[in-house]
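Structure record follows, encoded as structure tokens.
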Amino acid sequence: MIQSMTGFGKHVVQLPTKKITVEIKSLNSKSIDLNARMPSAYREKELELRKLIANSLQRGKVDFSLYIEITGDETSAQVNESAVKQYMKQLKSIADGDDLRLLEMALRFPDAMRTDKEDIDEEEYKAIIKALKGALSEINKFRSEEGNVLERDFLDRISSLKNLLQNVLEMDPDRQGTIRERLEKAVQEIKQDVDANRFEQELIYYLEKYDITEEKVRLANHLDYFTKTIQSNDSNGKKLGFISQEIGREINTIGSKANYAPMQQLVVQMKDELEKIKEQMLNVL
């Protein structure tokens, strides 16, 4: 079973006077790359929240957002009058407008509102953790569903590679016969007497040089290993990436040794399938 690194999760917890919302979005990345956005009053808990996220998601470019909306009558936020007046003064110097319009614009700027810093209430922090765990559960569910789609695509392409490899196996005797005829014809065109035993030895040498038996066996083993790994309980994106590299190495060697146009056409198709696997592999956890 594999997981995608792409996902989204959101969870909301309602308290008597506050609404806590956590959103998490992730894309592919070689390691965990976490960007956290939260009110400054909660920054002291950032490291703990980061640790929870990293342990759950493991890898990916992650955007974490914590929103605290006050729904009760009381609020600790106040207008920062000096900052707002200064903003309005600067806006007047560059554009005409009535005071109400300028006030609306000024209130959108940083530091227009100030909040008296208070210690985070224990129950409130528990609610934040609950919202975070809920969002992590949602994003991991999303990742698993995306992983199922990727897994089906990978297995289809591995099956296609196995079919192409079978075509290579069936074609190989004709390829060897063609290479042998080509070498014999080249000798005849030289119009010189050649020692039959020596010629046979040289022929065997060249046929062995173009032999792809080992590559065919290794490629078949790599394809089976890929299938076995993708169906394991853990998501092994990096391991599958290494196996893909080995598959590519064997395909390239078959192509360089083929010396036979029909087989080289099969190799091109195999490379195309593998390239699509590698592209999707970048998104696997």
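General remarks:
- For SER56: the one exception among (1) within 15 Å of GLU138 (Cα to Cα); (2) free of Cβ contacts under 8 Å to residues at least 60 places away in the same chain; (3) among the polar types (S, T, N, Q): (2)
- Within segment 256-265, not a single residue is at pLDDT 95 or above and either closer than 26 Å to VAL62 by Cβ or in contact with an Asp or Glu (Cβ under 6 Å, 6 or more places away or on another chain) (or both).
- Filter pass, ARG59 being closer than 30 Å to LYS228 by Cα and either modelled with pLDDT of 80 or more or of a type in the set (A, V, I, L, M) (or both): yes
- Failed criterion for MET88 (all others in (1) under 34 Å from the mean Cα position of the chain (by Cα); (2) in a helix (DSSP H, G or I) hold): (1)
The values are calculated or read from the model by the stated rules, or taken from the named source; none is laboratory data. The structure displayed is predicted, hence computed values, not measured ones. Backbone-built Cβ (ideal geometry, glycine too); neighbour counts: all protein chains shown.
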